[in-house]
Amino acid sequence: MSTDANAATNAARPPGRNRRDQILREAARLFAERGFHGVGVDEIGAAVGISGPGLYRHFAGKDAMLAELLVGISGRLLTGGKRRVKEIPGPPGAVLDSLIEGHIDFALDDRPLITLHDRELDRLRDSDRKLVRQLQRQYVELWVGVVREAYPGLVESEARASVHAVFGLLNSTPHLGRPGSLPGRAATAALLHRLARGAFAAAADSGR
């Protein structure tokens, strides 16, 4: 997204929403770096320039921040995936490419959330954890439908297994090294895209 587009988006958001987003970004970064229990409310407040107690005007506590982060990203992935399936013209392969691109954007731009999901999902309340799982299942099934259209020879179980494998590949980005150590965002994204497409093609070949 361009700087102008970012500015327009931020200007359109209510000031309270901008502050909540800022708090969530810093909370995600700190939780990912030091663990949920390794970060205090005062530290999150300091990172966004307000007092720790001031955070309670926006969130009931750290548990509420974690829930909004993990439920929120699961919902955004599903909503974004549905939009791509609906709006992208062309053959199923083009829709699949768009889904892959969207997930790569998430994997490269929201790496702390991947770490949080892996480490802290069990800390959510049962209701929030179930909601995350429900949203994730819908996201997987969205992909399964597109993959089966792009590779008609794949049966449903094979398509689902290949989707999970590709998610595992793309969500491994937190382990690729620090962002500055990668060959560049565009090159990394292109490599991940080729690997994802290759994984689906390999699954289709093995099913013949």
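The values are calculated or read from the model by the stated rules, or taken from the named source; none is laboratory data. Quick caveat, the model's predicted, so the values are computed rather than measured. Reconstructed Cβ throughout: ideal geometry from the backbone, glycine too, with neighbour counts over all protein chains shown.
Does the range 39-60 include one or more residues that are surrounded by 13 or more Cβ atoms within 10 Å (Cβ to Cβ) and within 16 Å of Thr115 (Cβ to Cβ)?
Yes: one or more hits.
Out of (1) farther than 25 Å from Leu24 by Cα; (2) surrounded by fewer than 17 Cβ atoms within 10 Å (Cβ to Cβ); (3) without any contact (Cβ under 8 Å) to a residue 40 or more places away in the chain, what's the single condition that is false for Val144?
Only one criterion in (1) farther than 25 Å from Leu24 by Cα; (2) surrounded by fewer than 17 Cβ atoms within 10 Å (Cβ to Cβ); (3) without any contact (Cβ under 8 Å) to a residue 40 or more places away in the chain is unmet by Val144, namely (2).
List the residue pairs whose Cβ atoms are under 7 Å apart, where the first residue sits in the range 67-96 and is among the acidic types (Asp, Glu), the second is modelled with pLDDT of 95 or more and part of a helix (DSSP H, G or I), and the two are 6 or more positions apart or on different chains.
Glu68/Leu24
In the range 161-169, is there at least one residue being more than 17 Å from the chain's Cα centre (by Cα) and among the small types (Gly, Ala, Ser)?
Residues of the range 161-169 more than 17 Å from the chain's Cα centre (by Cα): 161-162.
Cutting the leftovers down to among the small types (Gly, Ala, Ser) gives us 161-162.
Yes, the range 161-169 contains at least one residue that is more than 17 Å from the chain's Cα centre (by Cα) and among the small types (Gly, Ala, Ser).
Looking at (1) closer than 29 Å to Ala27 by Cα; (2) at pLDDT 95 or above, which is the only condition Asp110 fails?
The single condition Asp110 does not satisfy is (2).
When residues of the range 91-144 are filtered for being under 18 Å from Gly81 (Cα atoms) and either part of a helix (DSSP H, G or I) or polar (S, T, N, Q) (or both), how many remain?
Initially, the range 91-144 is screened for residues under 18 Å from Gly81 (Cα atoms), giving 91-110, 113-114, 131-144.
Going one step further and asking which of them are either part of a helix (DSSP H, G or I) or polar (S, T, N, Q) (or both), we end up with 92-109, 113-114, 131-144.
Residues flagged as under 18 Å from Gly81 (Cα atoms) and either part of a helix (DSSP H, G or I) or polar (S, T, N, Q) (or both) within the range 91-144 amount to 34.
If Asp205 satisfies all but one of (1) modelled with pLDDT of 95 or more; (2) of a type in the set (Asp, Glu); (3) over 16 Å from Leu78 (Cβ atoms), what's the number of the condition it fails?
It fails just one condition, (1).
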